[in-house]
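Engineer: Before I ask anything, let me first share the structure, which is written out below as C-alpha cells.
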Amino acid sequence: MSRLGTRVRAGLLGLTLVAALPVAAQAPTPPPVPHVEAPPPSPSPDAIWIPGHWIWRAKAWAWESGRWEKAQGRAYVPGRYRQTPEGWVHEPGGWRR
C-alpha cells in the first residue's frame, strides 16, 4: 500500500472517531426551577446526596431524580447549564479529589 493510501485510511479513521463523539444536547430555553427533593435516609455514613436536575430530552425538559453515592474521599461538584449562542448546554457534575 502506498503512503498516500495509508494517510487516507488514517484520515478517514480519524473522521469516523470524531463523528462518533457524543454531542451535548442544546435546549432552546433555560431549565425550569429545580424540584425540591427530600432525600431518603442515607444508605451509609459515607454516602453523599447528589441532587436531581433537569435534562433536555429531544423536545422537552425531564426531571432526573437525586440519588445517594459513596464519596470515597471525594467532593461532588454539581452540574450546571451554560447559555451559548446555540442554546442552553448541560455541563455535567462529577467527583473531584
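The values are calculated or read from the model by the stated rules, or taken from the named source; none is laboratory data. Values in this document were obtained by computation on a predicted structure and should not be read as measured data. We place every Cβ from the backbone using ideal geometry, glycine too, and count neighbours over all the protein chains shown.
Engineer: Residues being part of a strand (DSSP E or B) and either free of Cβ contacts under 8 Å to residues at least 24 places away in the same chain or over 10 Å from residue 27 (Cβ atoms) (or both): count how many of those fall in the range 84-97.
Structural biologist: Keep residues of the range 84-97 that are part of a strand (DSSP E or B), which gives 84, 87-91, 94-96.
Then drop every residue that is not either free of Cβ contacts under 8 Å to residues at least 24 places away in the same chain or over 10 Å from residue 27 (Cβ atoms) (or both), which leaves 84, 91, 94-96.
Matching residues across the range 84-97 total 5.
Engineer: Give the residue that is surrounded by the most Cβ atoms within 10 Å (Cβ to Cβ), with candidates limited to residues of the range 22-50 that are within 14 Å of residue 81 (Cβ to Cβ) and over 14 Å from the mean Cα position of the chain (by Cα).
Structural biologist: The first filter runs over the range 22-50 and keeps only residues within 14 Å of residue 81 (Cβ to Cβ), leaving 24-34.
Checking the rest, the ones that are also over 14 Å from the mean Cα position of the chain (by Cα) come to 28-34.
Working: 28: 9, 29: 9, 30: 12, 31: 16, 32: 9, 33: 7, 34: 12.
For the range 22-50, the residue satisfying everything is 31.
Engineer: Looking at (1) in a loop (DSSP other than H, G, I, E, B); (2) at pLDDT below 95; (3) of a type outside the set (A, V, I, L, M), find the lone condition where residue 76 falls short.
Structural biologist: (1)
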